[in-house]
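Some notes on the structure that comes next.
The values are calculated or read from the model by the stated rules, or taken from the named source; none is laboratory data. Model, not experiment: these values are computed from the prediction. Ideal geometry is used to build each Cβ from the backbone, glycine not excepted, and the neighbour counts take in all protein chains shown. These area figures cover heavy atoms from the full protein model, side chains too; ligands, DNA and RNA do not enter into them. Shrake-Rupley method; radii C 1.70, N 1.55, O 1.52, S 1.80 Å.
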Amino acid sequence: MMLRRGFLVFLPRLAGLLVVACCSVSIVYMLACTPKGDGEQLALPRAHSPTGKEGYEAVLQEREEQQRDYIVSLKKQIAQLKAELQGRNEQLKSVQEHLPDSMGVQLDHSNPAKVQANLLAFLHSQVAKAEVHSGFKLSTEYAVVPFESFTLQKVYQLETGLTRHPEEKPVRKDKREELAEVLELALGSLNHAEADGNARQRLFTASDFVEGIYRTEKDKGTLYELTFKGDAKHQFKRIVLFRPFGPVMKVKNENVNMADTLINIIVPLAKRASKFRQFMQNFREMGIQQDGRIHLTVVYFGKEQMNEVKSILENTSKSANFKNFTFIQLNEEFSRGKGLDVGARVWKGHNVVLFFCDVDIYFTAEFLNSCRLNTQPGKKVFYPVLFSQYNPSIIYGHHDSIPPLEQQLIIKKETGFWRDFGFGMTCQYRSDFINIGGFDLDIKGWGGEDVHLYRKYLHSNLIVVRTPVRGLFHLWHEKRCPDELTPEQYKMCMQSKAMNEASHGQLGMLVFRQEIETHLHRQKLSSKKT
């Protein structure tokens, strides 16, 4: 009994000693395992100092926050890798389904490992064929595929597109996401490589990115080279990535019958009878004689020159035995959007392709087929980029005479330019035009209504086919800048007029004409003396 009482008295003391021993071991362990900072070890406050407890908790909190940030970063990378893996698996599944047709070999889909191995071999061959590890011999300077460069905020580009900006923050979503994905992969590669080492290194972030360059070989893939700040001044890290293009896959094989597809060409008009006569010559040859599946709707504003326009239309009808036309007269101020909208809604027949056209447009029979082939009710609308003609008197000023119109319609940089900022000429089914809500009838005059309609289609689920076409021309006509415009508007109008007059080089020849003539005169005098 006495022994039992002594044991019970001794037990609390033993427990206390064990607690003290555990605390001592913990303190020693923390002192030994505390990681070093930048050049020195972080000291752990002494347990019995006045601020020991607070300092100890501060160190623990700091370390806990660092570990938490690192864990968050790892979780984010893991999630991104999982999403990428899922996307790759879906792409692989799609490729596996089409691979026999695209690569010309029959693969056993019951053996997915073999299919994946073949696909990886193909992708690696794309890298080997591209100009990545060594240069290729090129025939001329025109065969070079140039790089474009980029930073975190800007892309510096040779192909400026619609914005005409040599440098810009990427507007297109696909380009933004492409470069963001590449930067993220490069950072992941850098941080993964550093994590493989024994010594703990700094975490690379987007702020370490210096610059990148990239270029695309259309049949092979896109090469990216990204440069990051290194561990010391004048030291850098370079990551080279390549996005190989997969094999071409057959998506659809179908017959398209356009024999009964009618096009209703709608032309809004006010005055301009001489231009309408020229338009009807083109319409008669291409629309009536060569195509034959066509209707013409003319929406005329006011009464001035109206009888002359009607006479031109009726004469064409009689001489070509053409009855498929509608003439609508509106006694109000000209509005292009109103004219096209009225012309589209007045149609009472079956669903028809609408071609919104202007009187100074020249089209070919091939274009009318393109208009049919690139529209589909409920699915596709067609926004062709037409070729805009320069001033013939400037282009052919050194000739004895200006050639006939048909001989002027040549697609070259000296004769015109792609009018990629214009959206007025468009083909769509009437049902799509009605369902989208038509034109904004509050817009008066000429311009603005076309962009508004174009944006409506872009915001819908319809496919917008935007492409240059070889059979649609905007004929040159003089652009007038009225005195009523503000100084800024007048300046913009004159800039637009200059762009439509001639190419950069041709305008330069006009500016320096006096110097050129002086030089030629001196050359002539010099030759006479010799």
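Label-to-label distance for Ser496 and Leu81 is 5.6 nm, based on points extended 7 Å past Cα in the beta-carbon direction. The modelled label-to-label distance between Ser431 and Asn321, using points 7 Å beyond Cα along the C-beta direction, is 3.4 nm.
The distance between label points at Gln329 and Lys529 comes to 7.2 nm (points 7 Å beyond Cα on the Cα→Cβ vector).
Applying 1/(1 + (r/R0)^6) with R0 = 41 Å to the Cβ-Cβ distance of Arg345 and Lys479, what FRET efficiency is obtained, to the nearest 0.05? Mind showing how you got there, number by number?
Details: r = 31 Å, r/R0 = 0.76.
Using R0 = 41 Å, I get an efficiency of 0.85.
Go ahead and run the numbers for FRET between Ile213 and Ser274, Cβ-Cβ distance against an R0 of 51 Å, rounding to 0.05. Please list the in-between numbers first.
Values: r = 54 Å, r/R0 = 1.05.
Once the sixth-power term is evaluated, E becomes 0.45.
Among the GluC sites (Glu not before Pro) in the range 304-337, those placed in a DSSP loop whose Cβ has at most 13 other Cβ atoms within 10 Å are Glu304, Glu332, Glu333. Among 406-419, 216-229, 364-377, sorting by the average number of other beta carbon atoms lying within 10 angstrom of each residue, highest first, gives 364-377, 216-229, 406-419. The fraction of Cα-Cα pairs per 10 angstrom bin, counted from 0 for the range 263-508, comes to 7, 29, 37, 22, 4, 0 percent, rounded to whole percents.
Between Phe136 and Glu159, what FRET efficiency follows from the Cβ-Cβ distance if R0 is 25 Å, with the result rounded to 0.05?
With a Förster radius of 25 Å, E is 0.70.
Multiply the residue separation of Gln116 and Ile394 by 0.36 nm, subtract the distance between their alpha-carbon atoms, and state the gained length in nm to one decimal. Don't skip to the answer; put the middle values down first.
Working: separation 278, 0.36 × 278 = 100.08 nm, distance 6.05 nm.
Additional length available on full extension: 94.0 nm.
Counting only protein heavy atoms and using a 1.4 Å probe, what share of the accessible area of the range 263-508 belongs to carbon plus sulfur, as a whole percent?
On the way: 5980 of 11930 Å².
That fraction is 50 percent.
For the range 245-317, applying the loop criterion from DSSP together with a ceiling of 11 other beta carbons within 10 Å to the trypsin sites (Lys or Arg not before Pro) yields Lys250, Lys252, Lys303.
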